[in-house]
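None of the figures in this text is laboratory data; all of them are computed from the coordinates on show. Only a predicted model underlies this, so the values are computations on that prediction, with no experimental measurement involved. No Cβ is skipped: glycine too gets one built from the backbone with ideal geometry, and neighbour counts run over all protein chains shown.
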Amino acid sequence: MDARSYLFVPGDRPERFAKALASGADAVVLDLEDAVAPERKALARDAVRAQLADGDPRLVVRINDESTAWFADDLTAARGAAAVLLAKAERAETLQRVREACPGTQVLALIETARGVLAAEALAQAAQRLVFGTIDFALDLDLSGDPIGLDYAASRLALASRAAGIAAPVAGVTAALDDDAALRADVARARAHGYTAKLCIHPRQVARVHELLAPSPAEIDWARRVIAASDASGGAAVQVDGRMVDKPILLRAQRLLARLP
C-alpha cells in the first residue's frame, strides 16, 4: 500500500468512518491506540471488525503495542484489514507476529521511540513500510520542538527503507489543523528526507497534503524538458538550463513525472 495520505479516525467513532473514507485519503487508519480511551477499547474493536467486513482495500488498523494488555485482542480485530500499523514498533519479531496473526495483510511499523529508530534497519526488512511517529518520538527524547531534532531519525528511516527496497517512509502528523504554513513546512522537510507520504488527523488536510507532495509546476516543466532533450539527442550529451544531463539527472526527471497523480 504505497499511499500518499493516511487519515486517522478513532476506532470507537464509527459514525465518522464514512466521512473519512469520502475524504479522498489513499488510506484510512481505524485507530485502536491513542485515540481510544482504555474503557472503550472493546467497543472500538467491535466497530473496526464491522467496518472491515466491507472489504474496503483502503482500511488500515492501528493496534496497540505488544507491551499493552490490548495487543492480542487488537491483532484478532485487525484481521481482514489491508494493512496493520503497529504502534511503537521496536522489534522485527513483533512485526512477524503481526504478519502471522493477520495473513495476507501488510505490516506498517510506526517508529516512535529511540529504540525503534536504532532498530530501523531490521524493522525495514520485516515491514512493508516505515512510519515516523514524530510527536511520540519528540516526547521520548524530550526534544525542544525545533524540527532539526527530528532530522537524524527521519534520515535513518529513509535510508533503512531504501536499503530494504520498500516504499519511502510516511511522515508524522501536523497537529496544527488551521496552519497552512506549518503543514507546508512539515511536508517540505519530509520531502527533503525523501518521504513520499504523510499521516493526517483531519479530512481537510488530505487534499492539501496530496498537493504539497506532488511535483510543482516548475519541477514538471523541468522534467519534461530534460526528457525531451535526452530523447532528441538520442542519448548523446545534452544541456538543459546550463546543466549537463547525465543518467542521474534523467532518472530524477523520470521519478518526478512518475509522482504525478
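Would you grab the residues whose amide H sits under 5 Å from the one on residue 197? Only those 5+ places off in sequence or on another chain, please, with H modelled 1.01 Å from N.
It is 171, by chain and number.
Using all C-alpha to C-alpha distances in segment 36-153, build P(r) with 5 Å bins and read off the rounded percent in each one.
2, 12, 22, 21, 18, 13, 8, 4, 0
Under a point-charge model restricted to the Cβ atoms of Lys and Arg (+1) and Asp and Glu (-1), what is the dipole moment magnitude of segment 217-258 relative to its Cα centre, in debye to the nearest 20? Working shown, then result.
Values: 6 positive and 5 negative charges, 21 e Å.
Rounded to the nearest 20 debye, it is 100 debye.
Within the chain, what is the number of lysine pairs with alpha carbons under 28 Å apart, leaving out pairs fewer than eight places apart on the same chain? Mind showing how you got there, number by number?
Details: 19/41; 19/88; 19/198; 41/88; 41/198; 88/198.
Close lysine pairs found across the chain: 6.
Nearest 20 debye, what's the magnitude of the dipole of segment 191-236 about its Cα centre given +1 on Lys and Arg Cβ and -1 on Asp and Glu Cβ?
My answer is approximately 240 debye.
Return the Cα extents of the chain along principal axes one, two and three, sorted largest first, each rounded to a whole Å.
Principal-axis extents of the Cα atoms in the chain, largest first: 65, 38, 37 Å.
Divide by every residue of the chain the summed helix terms, -39500 (n - 2.57) for each DSSP H run of at least 4, and state the resulting mean residue ellipticity at 222 nm, rounded to the nearest 500 deg cm²/dmol.
Numbers: 12 runs with 121 residues, N = 261.
Value at 222 nm, helices only, nearest 500: -13500 deg cm²/dmol.
Quick one: which residues, 5 or more positions from residue 174 or on another chain, have an amide H under 5 Å from its amide H? H modelled 1.01 Å from N in the peptide plane, none for Pro or chain starts.
When sequence neighbours closer than 5 places are left aside, the close amide H contacts are 201.
So what are the ³J(HN,Hα) numbers for segment 146-163, from phi and the Karplus equation (6.51, -1.76, 1.60; θ = phi - 60°), rounded to whole Hz, Gly and Pro as x?
In residue order, the calculated couplings are 5, x, 4, x, 8, 5, 4, 5, 4, 5, 5, 5, 5, 5, 4, 5, 5, 5 Hz.
Taking amide hydrogens as modeled 1.01 Å from N in the peptide plane, which residues meet the under 5 Å criterion relative to residue 238, leaving out close sequence neighbours?
The answer is 245.
About its Cα centre, what dipole magnitude does the chain give when the only charges are +1 on Lys and Arg Cβ and -1 on Asp and Glu Cβ, stated in debye to the nearest 20?
Values: 32 positive and 35 negative charges, 164 e Å.
Magnitude of the dipole: close to 780 debye.
Percent relative contact order of segment 1-91, based on C-alpha pairs within less than 8 angstrom and at least six residues apart? Don't skip to the end; give the middle numbers.
Values: 149 pairs, mean separation 24.6, N = 91.
Relative contact order for segment 1-91 comes out at 27 percent.
Taking N as the number of residues in segment 187-228, what value does Rg over Cα atoms divided by 2.2 N^0.38 Å take? The partial results should precede the final answer.
Numbers: Rg = 12.6 Å, N = 42, 2.2 N^0.38 = 9.1 Å.
For segment 187-228, the normalised Cα radius of gyration is 1.38.
Can you tell me the Rg and Dmax of segment 99-228, counting just the alpha carbons, in angstroms?
Both quantities, over Cα of segment 99-228: 15.8, 50 Å.
With θ set to phi - 60° and the Karplus curve 6.51 cos²θ - 1.76 cosθ + 1.60, what are the ³J(HN,Hα) couplings of segment 133-140 in order, to the nearest whole Hz, using x for Gly and Pro?
Values, residue by residue: x, 5, 5, 5, 5, 4, 5, 4 Hz.
Restricting to Cα atoms and excluding each atom paired with itself, what does the Kirkwood estimate give for segment 92-176 in Å? Walk me through the numbers on the way to the answer.
Values: mean 1/r = 0.0764 Å⁻¹.
Value: 13.1 Å, from the Cα pair sum.
Hey, if you drop one equal point scatterer on each alpha-carbon of segment 217-258 and run the Debye formula without solvent, what base-10 log of I(q)/I(0) do you get at q = 0.20 Å⁻¹?
After summing over all Cα pairs, the log10 values are -0.50.
Could you check what % of the DSSP bridge pairs in the chain are antiparallel, to the nearest 5? Show your work: numbers first, answer last.
Working: 2 of 29 bridges.
Bridges in the chain that DSSP calls antiparallel: roughly 5 percent.
Which net charge results for the neighbourhood of residue 68, defined as the other residues with beta-carbon distances under 12 angstrom from its beta-carbon, given Lys and Arg at +1 and Asp and Glu at -1? Please report the intermediate quantities before stating the final value.
Working: positive: 41, 88; negative: 33, 34, 65, 66, 73, 74.
Combined, the nearby Lys, Arg, Asp and Glu give -4.
Tell me, what HN-Hα J-couplings in whole Hz come from the Karplus equation 6.51 cos²θ - 1.76 cosθ + 1.60 at θ = phi - 60° for each residue of segment 211-216, using x for Gly and Pro?
So the J values, rounded to whole Hz, are 5, 6, 7, 6, x, 6.
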